[in-house]
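The values are calculated or read from the model by the stated rules, or taken from the named source; none is laboratory data. These numbers come from a predicted model, not from an experiment. Cβ atoms come from the backbone with ideal geometry, glycine included; neighbour counts cover every protein chain shown.
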Amino acid sequence: MKYTPLNDNVLLEMIEKIPELLKCRVVAVGAGLPTINGKPYPMTVKVGDVVIVNRSLLVSIFLDDKPYILMREHKIRLLCKEE
């Protein structure tokens, strides 16, 4: 089944545990929060990005018997990019 988060929510899968943090891959992103004119504000992260998140700010869920993390984009601490 395909899942699409709503608004500025992001669906993540954990890659690695770091003390107090998690390194995760973005699996799905919402369209973004709607602006005053109704169009969504663009999201910064995209599917496939690697991010660092704080363990205490996440919601763990199971979809199709697999663990995922659901959180709002503004709670993501770092976007990891290769140079």
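Quick look at the values:
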{"quantity": "Exclusive hit being assigned to a loop (DSSP other than H, G, I, E, B) and loosely packed, with under 14 Cβ neighbours inside 10 Å, set K2, K17", "calculated": "K2"}
{"quantity": "Test: Y68 is outside any strand (DSSP E or B), in contact (Cβ under 8 Å) with a residue 12 or more places away in the chain, in contact with a Leu (Cβ under 7 Å, 6 or more places away or on another chain) and not acidic (D, E)", "calculated": "no"}
{"quantity": "Selection count where residues are farther than 23 Å from E82 by Cβ and over 10 Å from the mean Cα position of the chain (by Cα), scope the stretch 37-61", "calculated": "11"}
{"quantity": "Members of the stretch 48-63 that are touching a helix residue (DSSP H, G or I) at 6+ places or on another chain (Cβ under 9 Å), in contact (Cβ under 8 Å) with a residue 24 or more places away in the chain and loosely packed, with under 15 Cβ neighbours inside 10 Å", "calculated": "N54"}
{"quantity": "Selection count where residues are part of a strand (DSSP E or B) and either at pLDDT below 95 or in contact with a helix residue (DSSP H, G or I) (Cβ under 9 Å, 6 or more places away or on another chain) (or both), scope the stretch 24-37", "calculated": "2"}
{"quantity": "Every pair of residues 6+ apart whose Cβ atoms lie under 9 Å, when the first sits in the stretch 12-25 and is under 11 Å from R77 (Cβ atoms) while the second is surrounded by fewer than 16 Cβ atoms within 10 Å (Cβ to Cβ) and among the hydroxyl-bearing types (S, T, Y)", "calculated": "E20/S56"}
{"quantity": "Given (1) surrounded by 17 or more Cβ atoms within 10 Å (Cβ to Cβ); (2) touching a Leu at 6+ places or on another chain (Cβ under 7 Å); (3) not small (G, A, S), index of the condition L12 fails", "calculated": "(2)"}
{"quantity": "Residue match in the stretch 73-82 (condition: more than 12 Å from the chain's Cα centre (by Cα), surrounded by fewer than 16 Cβ atoms within 10 Å (Cβ to Cβ) and of a type in the set (D, E))", "calculated": "yes"}
{"quantity": "Verdict on P34 being more than 15 Å from the chain's Cα centre (by Cα) and either of a type in the set (F, W, Y) or surrounded by 13 or more Cβ atoms within 10 Å (Cβ to Cβ) (or both)", "calculated": "no"}
{"quantity": "Filter result for M43 (touching a residue at least 60 places away in the same chain (Cβ under 8 Å) and in a loop (DSSP other than H, G, I, E, B))", "calculated": "no"}
